[in-house]
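Peer 1: Take this structure, written in structure tokens, and hold onto it; I'll ask about it next.
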Amino acid sequence: MTSPVLLFPGQGAQEVGMGADLAAHAPAAAALFAQADEILGVSLSQLCFAGPEAELTDTYNAQPALLTASVAALRALEEAIGRPLPAAAAAGHSMGEYSALVAAGALDFADALRLVRERGRLMKLADERAPGGMAAIIALETDQIAQACTAARAQTGAFVHIANDNCPGQVVISGDEQALTAAMAAAEAAGARKVVRLAITIAAHSPLMGVVEEEFAAAVAAATIRAPRFPVISNITARPLTTAAQIRQELVGQLQSSVQWTQSMRFLIDAGHEQFYEFGPGGVLAGLLKRIDRRFRAIPTLASWADVELQAASLT
């Protein structure tokens, strides 16, 4: 049996109730949630388990909450099979890259938790300093979306660009409010099937995040980062991160750079990987992978204790 690629979702996948049954059935998951509560000095566990939803979806909370729930699912599976899960590689979408780095041993969970808490705080601060937003463009070619952004920049003198290339037919743009609105209109005029303004008030993965980059770079510099035990695929380049120096550069650069998720998955598929597991709620990445390559129609998503039990049975 070949080793799987481990996938970890990013902000937006969080949901009230995530991790509750994992913590109830798996001591390793319960211990991880307890560790998160202690480090942050708040009951992050109860926020995950019971909400309220508005508080959970706040960027400041959503990032550490999703990191904890995703890593808890991995720890629960490892506990169930009685050994570390062998992996060929890992990838995480945006904030999920931190979960992937924990899985690969490049970051300790405690350091990753502190980093994503600070990342969430600074991203909210960036919105105060340089307001913006994001929108999903459905069923329009990527080059046409890029052209819409170029036209919007020329029209408004403000910034907007592709922030997430998630899969064929699903691209997210990010930028200044005025430019974003113009790019949405241009995408609709170009024939997009749907243009959806996302319920998020930050312009993630755009130069508008540059106003907090120096502060976040200081936090990354202070964190202990090691070479990963197995490759983690970069959001920025869609190529493996194999050294601590590359990871530091990635985590800082990721604030402003686009997430190349389609290219990341194609790199892994072209390298011959055939098994993928998603850890965390929602099954978002499983859905994206199916749209990138139809051969991957039902990859395991581990978000609950039932998911863990089912997958553990296949591994033991």
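The values are calculated or read from the model by the stated rules, or taken from the named source; none is laboratory data. Values in this document were obtained by computation on a predicted structure and should not be read as measured data. For neighbour counting, all protein chains shown are included, and Cβ atoms are generated from backbone atoms with ideal geometry for every residue, glycine included.
Peer 1: Looking only at segment 270-304, which residues are within 19 Å of Pro231 (Cβ to Cβ), aliphatic (A, V, I, L, M) and touching a Pro at 6+ places or on another chain (Cβ under 6 Å)?
Peer 2: Across segment 270-304, the qualifying residue is only Leu285.
Peer 1: Leu122 - would you say it is assigned to a helix (DSSP H, G or I) and either in contact (Cβ under 8 Å) with a residue 24 or more places away in the chain or under 25 Å from Leu285 (Cα atoms) (or both)?
Peer 2: Against the criterion (assigned to a helix (DSSP H, G or I) and either in contact (Cβ under 8 Å) with a residue 24 or more places away in the chain or under 25 Å from Leu285 (Cα atoms) (or both)), Leu122 qualifies.
Peer 1: Same structure, new question: Those residues that are in a helix (DSSP H, G or I) and of a type in the set (D, E, K, R), I need them from segment 254-275; list them, please.
Peer 2: Across segment 254-275, the qualifying residues are Arg266, Asp270.
Peer 1: If you don't mind, there's one more thing I want to ask. Please enumerate the residues belonging to segment 190-220 that are touching a helix residue (DSSP H, G or I) at 6+ places or on another chain (Cβ under 7 Å) and over 25 Å from Pro131 (Cβ atoms).
Peer 2: Ala190
Peer 1: Name the residues in segment 236-253 that are touching an Asp or Glu at 6+ places or on another chain (Cβ under 7 Å) and not in a helix (DSSP H, G or I), would you?
Peer 2: Within segment 236-253, Ile236, Leu241 qualify.
Peer 1: Go over the candidates Ala106, Ala76, Ala112 one by one and state the one that is assigned by TED's automatic domain parsing to the domain that holds Ile39, buried (at least 21 other Cβ atoms within 10 Å of the Cβ) and within 16 Å of the chain's Cα centre (by Cα).
Peer 2: Only one candidate passes the filter, namely Ala112.
Peer 1: Right, here's the next one. Would you be able to say whether some residue in segment 179-187 is under 20 Å from Gly157 (Cα atoms) and not hydrophobic (A, V, I, L, M, F, W, C)?
Peer 2: yes
Peer 1: Continuing with this model, one more query. One residue is enough: does segment 290-297 have a residue meeting the conditions more than 19 Å from the chain's Cα centre (by Cα), outside any loop (DSSP other than H, G, I, E, B) and within 21 Å of Asp165 (Cβ to Cβ)?
Peer 2: no
Peer 1: So which pairs qualify, if the first residue must be in segment 226-247 and surrounded by 14 or more Cβ atoms within 10 Å (Cβ to Cβ), the second must be among the basic types (Lys, Arg), the Cβ gap must be under 8 Å, and the two must be at least 6 apart or on different chains?
Peer 2: From segment 226-247, the pairs are Ile233/Arg239; Ala238/Arg266; Ala244/Arg226.
Peer 1: Of everything in segment 125-145 that's in a helix (DSSP H, G or I) and among the aliphatic types (A, V, I, L, M), which residue is surrounded by the fewest Cβ atoms within 10 Å (Cβ to Cβ)?
Peer 2: Leu125
Peer 1: Name, by its number, the condition in (1) of a type in the set (D, E, K, R); (2) at pLDDT below 95; (3) not in a helix (DSSP H, G or I) that does not hold for Asp165.
Peer 2: (2)
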